[in-house]
1. Restricting to the range 453-469, what's the tally of residues that are in contact (Cβ under 8 Å) with a residue 60 or more places away in the chain and either of a type in the set (D, E) or surrounded by fewer than 21 Cβ atoms within 10 Å (Cβ to Cβ) (or both)?
2. Given the conditions (1) buried (at least 23 other Cβ atoms within 10 Å of the Cβ); (2) of a type in the set (D, E, K, R); (3) in a loop (DSSP other than H, G, I, E, B), which single one is not true for K255?
3. Which one of these is within 13 Å of the ligand (Cβ to nearest atom) and in contact with a helix residue (DSSP H, G or I) (Cβ under 9 Å, 6 or more places away or on another chain): H135, H152?
4. Which of the residues belonging to the range 332-356 are basic (K, R) and assigned to a loop (DSSP other than H, G, I, E, B)?
5. How many of the residues making up the range 361-399 are in a strand (DSSP E or B) and free of Cβ contacts under 8 Å to residues at least 12 places away in the same chain?
6. Please go through the range 349-367 and pick out each residue that is crowded, with 17+ Cβ neighbours inside 10 Å and of a type outside the set (S, T, Y).
7. Look through the range 139-185, keep the residues that are of a type in the set (G, A, S) and open to solvent by less than 10 Å² (accessible area, probe 1.4 Å), and return whichever of them is modelled with the lowest pLDDT.
8. Exactly one of these conditions fails for A30: (1) away from the ligand (no atom under 15 Å from the Cβ); (2) in contact (Cβ under 8 Å) with a residue 60 or more places away in the chain. Give me its number.
Amino acid sequence: MVSRVIPVDPFDLIIFGGTGDLAQRKIMPALFRRFCAGQWPADAQVIGAARGDLDRAGFQAVVAESLRSYASDLARNGDALNAFLQRVGFVRLDALSDAGWDQLAGLLDNARVRAFYFSVGPGLFAPLATKIQAHNLATDKTRIVVEKPFGHDLESSRALNATLAAHFRESQIYRIDHYLGKETVQNLMAVRFGNMLFEPLWNSQYVDHIQITVAETVGIDGREDYYDRAGAMRDMMQNHLMQLLCLIAMEPPAKFDPDAVRDEKLKVIRALDPVEPHHIVRGQFGAGADGPGYRDVVGNPRSATESYVALRAHVSNWRWAGTPFYLRTGKRLVARSSVINVLFKDAPHSIFGAAAGRHANALSIRLQPNEGITLKVTIKEPGPGGMRLVDVPLDMSFAEALGPDSDTPPDAYERLVMDVIRGNQTLFMRGDEVEAAWAWVDPIIAGWQARGDVPKPYDSGSTGPGDAELLMKRDGRHWQGIKP
Ligand code: NAD
């Protein structure tokens, strides 16, 4: 597959927190890949802005090192690496003081798209927005990119939205959820709305239930303080899983345009019923071969923060009445796997008799690893011996369907950063969406606190707490395997 590269307008991209983990591990490699793909115009630069004791050459050395680690295939080409580094600038600047801002202003060109990427801790989002305005750095072509977490609850997310809105129009604010930048997530929309085949069946009449799993093998190393205050509900469910739920459940937007898509997503969130306490399972990992248990990791022997959550949600609207959505996410699980499974109902009557067994179609949308989509269909088992049925996968793996390059689709950050420059907000969360998601999540967390709920322990390297299996079993269902 030959990937098409559409050049973007000249730009200045300023990364606050340019020396940090996210900037070095994800954003810079993504920019470098787009640079090597030929997507950068001649007048474009990226400027790191951070507090560190560095100058431009020192920062370029840091970036070069990161690219050798995280984009090693391309960084081997010394000419490409050097050409990219020529486009990398640095300003020493503190988000909380006025020093450094004039120097930054001197590097920018008013005629270019100007994107400020807030790759700093969330406590600095509001101060940065204020400083950008105070130093007159916002032009008509200015955009800001805000990382997660966007608030800690409804109240703080509203306050943050209000501060950003005081300085920028909503059309200038890009709230990142990198799950939305994944190739398969967009493919989900292509499959749903580009085919006649699926959409007529995409409702409670034909869909038995939907499962969304984001399982991680990693723990919380390096972010213990933040995580122990957040937990899986705030860190993963409120954003990534709810965004996936929206894309699966939403009505067809009239157009694939930012507000049309986001209006439909918002309607899904607003249609969510409150979750019954017995429809949620919280878990906390114990010690295992891969490390100490959660409470030892965070150094709090009484921590009641969940590293796992599973729940049953209902979208109360005409399309989905009666179809449960089961969502689960957790740390230190048996495998790393993000997948959406749409489980269709059994055929209403089996002409093959009981011996043929029960079979139902299922559509699996894999976000990672091995991005792709599989449709499970029932066919006759080959050979003589009567009519035996067997389920086989109809695999729409990108590698097979689209050619050898397609199994390495661009990283989510490559697409998202370029969308910022292009001014396309479709894959970014709007302020009202984020608030609506918190409005759904807050009462759940408040309920745990009021009841003094303690998460169930689960073994590190397992599929999560046993109660999560019961959540399904009670409904006569079972989770699809986590291992891809
Ligand atoms: P980090 O601690 O590695 O980096 C923080 C950066 O902010 C550093 O460059 C530091 O110099 C800079 N900084 C700190 N205080 C500053 C100040 N007062 N003025 C100017 N610069 C200052 O953090 P990170 O892991 O890169 O995360 C950055 C943001 O991205 C956070 O909001 C985080 O929640 C979010 N995020 C990170 C990841 C990830 O994988 N690291 C993933 C998703 C979201």
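The values are calculated or read from the model by the stated rules, or taken from the named source; none is laboratory data. Given the structure is predicted, the values throughout are model-derived calculations rather than measurements. Neighbour counts are summed over all protein chains in view; Cβ atoms, including those assigned to glycine, are modelled from backbone coordinates with ideal geometry. Each accessible area value is taken on the protein alone, full model and side chains, heavy atoms only, with ligands, DNA and RNA left out. Shrake-Rupley method; radii C 1.70, N 1.55, O 1.52, S 1.80 Å.
1. Taking the range 453-469 first, the residues in contact (Cβ under 8 Å) with a residue 60 or more places away in the chain are 453-465, 467-468.
Then drop every residue that is not either of a type in the set (D, E) or surrounded by fewer than 21 Cβ atoms within 10 Å (Cβ to Cβ) (or both), which leaves 453-454, 456-457, 459, 461-462, 467.
Residues that pass the stated criteria total 8.
2. Result: K255 passes all but (1).
3. On the way: H135 fails: within 13 Å of the ligand (Cβ to nearest atom).
Unique residue meeting the criteria: H152.
4. Our first condition is that a residue be basic (K, R); within the range 332-356, this holds for 332, 336, 345.
Answer for the range 332-356, where residues must be basic (K, R) and assigned to a loop (DSSP other than H, G, I, E, B): R332, R336.
5. First, pick out the residues of the range 361-399 that are in a strand (DSSP E or B): 361-368, 372-380, 389-397.
With the extra rule that they be free of Cβ contacts under 8 Å to residues at least 12 places away in the same chain, the set shrinks to 380.
Going through the range 361-399 one residue at a time, the tally reaches 1.
6. Going residue by residue through the range 349-367, those that are crowded, with 17+ Cβ neighbours inside 10 Å are 356, 359, 361-367.
Those that are crowded, with 17+ Cβ neighbours inside 10 Å and of a type outside the set (S, T, Y): A356, H359, N361, A362, L363, I365, R366, L367.
7. Quick first cut of the range 139-185, residues of a type in the set (G, A, S) only: 151, 156-157, 159, 162, 165-166, 171, 181.
Cutting the leftovers down to open to solvent by less than 10 Å² (accessible area, probe 1.4 Å) gives us 157, 181.
Values: S157: 97, G181: 93.
The qualifying residue modelled with the lowest pLDDT is G181.
8. (1)
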